[in-house]
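Below: one structure, written as structure tokens.
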Amino acid sequence: MKNTYFDLIDQTYYFPQEGFDLNNGNLTFHGIPLKHLIEKYGTPFRFIYLPKIGDQIKKARNLFNRAIKKNNYKGTYNYCYCTKCNHFSHVVSEALKHNVHLETSSSFDIDLILNLFREKKIDKKRTIICNGYKTNDYLNKIVSIQEMGFSNIIVVLDSKSELDRLITAAGKNIIKIGIRMAINEEPQSSYYTSRLGIRQNELVQFFRENIKGNEHVELKMLHFFVDSGIKDSLYYWGEFQKALNIYTSLKKESKSLDSFNLGGGFPIRNNLGFSYDYEYMINEIVKNIKDACDNEKVTEPNIYTEFGKYTVGESGAIIFEVLEQKHQNDTETWYIINNSLMNTIPDAWSIHEKFILLPINKWFNEPARINLGGISCDHSDYYNSEDLNQEVMLPSYSNDDKEPLYVGFFHTGAYQDAISGYGGIKHCLIPSPKHVIIDRDEKGNIIDYVYRNEQSAEEMFKILGYDK
Ligand SMILES: Cc1ncc(COP(=O)(O)O)c(C=O)c1O
């Protein structure tokens, strides 16, 4: 009996499963026949399946609201979308249809807020949480939208020095602020304390000396973000508990403080064996906050999250055609795909991120252990292990086959476009710097001139679809 790729997947995991199924032997994604898209658009192409965004938002919101009810929790749950994860107009607009608040990361993000306001996708009451390093340009833009009438902006201080600069930029305006607590990283990390935020042992004193009684600012939020993700681990709960201790200490001295922001970090399915108990984790989060507040006799805060990857990651995919197979030795077979993995899913080579890799067709061919390579000349342009297996299996095929093998990387909707610089956009919308050319003339004198100025917000928004 022939052992097929389908048998392998069905026996190793279970199949069909959440969003993935077969139709006439070809893969479908949430009911979309991918073979049909390949015939229509040709390969390579990336796509985003918008309905998944709303499903994710609804799932988290329902689970938080259920946990709030179950624990008789007094505060509210507030879902923010972290724009840096995917800035495209169609993506942010889809999230906004589900009434999310927005979290910004840099100066151009405030231009994005203005674009959304002009397009009537948000009004001035929408909560905007301003995170990230505050350049003066970023601070001035934040103040200017507050002066326009945006009434729910919270500026999260990333470092102590931001407070004075914020107050200078604010003039007579009173600004709602948050403070970000710097987390201590996991032991295997290459540094000990995150550069993002204010050190845990300095935070309460900083509040007492600089914020308490300061008429220019009103403390609303404590923010922390464990960037290795929200996991049921001793490390995660340790950082969580430290944030809670700081929150309750601050709350005893600050009437206006009423919000606790966990940042992002909800995981997504990056392999077919993925299992994560969202309901359990959300209940634990709510319960732990409640217990800490009860013990310290302070009111429970409103809970904020800023899920980026969780909101959009599972809605994206990229499809390739295998151009050629090369048997380089007895055990190594390379499938060369018709683009570059470094360019299209940069997290795969830069931080060894794994995605779900599946064939679109030939599911009933025998499975083969392969290495996947891109057509760039860089030796790092490859993918050869999955999250659960230190190998990649795909269907075998014959060079005489009429139809090529097509493969897809799924759940690639977060960060990949920004990090790979799709069309000229950038991570956190931080623009390409000015480009200067330096030469010498025949006498050896230096000649220098600007080849291109710094990228403008308008240039980026054109690429992102905000110029319609
Ligand atoms: C402050 C802050 N909030 C939210 C996020 C989103 O994280 P994730 O995409 O893991 O949900 C990030 C990501 O870097 C972040 O820095």
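The values are calculated or read from the model by the stated rules, or taken from the named source; none is laboratory data. This is a predicted model, so every value here is computed, not measured. Heads up, the Cβs are rebuilt from the backbone with ideal geometry, glycines too, and the neighbour counts pull from every protein chain shown. These accessible areas exclude ligands, DNA and RNA; they are computed on the full protein's heavy atoms, side chains included. Shrake-Rupley method; radii C 1.70, N 1.55, O 1.52, S 1.80 Å.
Residues that are surrounded by 23 or more Cβ atoms within 10 Å (Cβ to Cβ), in contact with a strand residue (DSSP E or B) (Cβ under 6 Å, 6 or more places away or on another chain) and closer than 30 Å to ALA292 by Cβ: does region 104-115 have at least one?
yes
If ASN78 satisfies every condition in (1) surrounded by fewer than 20 Cβ atoms within 10 Å (Cβ to Cβ); (2) away from the ligand (no atom under 16 Å from the Cβ) but one, which is the exception?
That leaves (2) as the condition not met.
Of the residues ARG61, ARG118, ARG66, which single one is open to solvent by 30 Å² or more (accessible area, probe 1.4 Å) and closer than 23 Å to LEU464 by Cβ?
Checking each option against the conditions leaves just ARG118.
Would you point out which residue out of LEU250, LEU244, LEU196 is surrounded by 15 or more Cβ atoms within 10 Å (Cβ to Cβ) and within 16 Å of the ligand (Cβ to nearest atom)?
LEU196
Can you tell me which residue among LEU405, LEU358, LEU429 is of a type in the set (A, V, I, L, M) and within 16 Å of the ligand (Cβ to nearest atom)?
Testing whether each residue is of a type in the set (A, V, I, L, M) and within 16 Å of the ligand (Cβ to nearest atom) leaves just LEU429.
Can you give me the number of residues within region 126-136 that are within 13 Å of the ligand (Cβ to nearest atom) and open to solvent by 60 Å² or more (accessible area, probe 1.4 Å)?
Final tally of qualifying residues: 1.
Take the residues in region 199-236 that are among the small types (Gly, Ala, Ser) and without any contact (Cβ under 8 Å) to a residue 12 or more places away in the chain; name whichever of them is nearest to the ligand (Cβ to nearest atom).
SER233
Of all residues in region 206-221 being touching a Gly at 6+ places or on another chain (Cβ under 8 Å) and hydrophobic (A, V, I, L, M, F, W, C), which is farthest from THR248 (Cα to Cα)?
LEU219
How many residues are assigned to a strand (DSSP E or B), within 14 Å of the ligand (Cβ to nearest atom) and among the aliphatic types (A, V, I, L, M) when one looks only at region 304-325?
The total comes to 0.
Say we look at region 253-287 and pick out the residues that are part of a helix (DSSP H, G or I) and within 16 Å of the ligand (Cβ to nearest atom); which of these is nearest to GLY313 (Cα to Cα)?
Among residues in region 253-287 that are part of a helix (DSSP H, G or I) and within 16 Å of the ligand (Cβ to nearest atom), the one nearest to GLY313 (Cα to Cα) is TYR278.
Report, by residue number, each residue of region 19-55 that is surrounded by fewer than 13 Cβ atoms within 10 Å (Cβ to Cβ) and at negative phi.
HIS36, GLU39, LYS40, TYR41, PRO51
For ASP123, which of the numbered conditions (1) surrounded by fewer than 16 Cβ atoms within 10 Å (Cβ to Cβ); (2) among the charged types (D, E, K, R); (3) within 13 Å of the ligand (Cβ to nearest atom) fails to hold?
Looking at each condition in turn, ASP123 falls short on (3).
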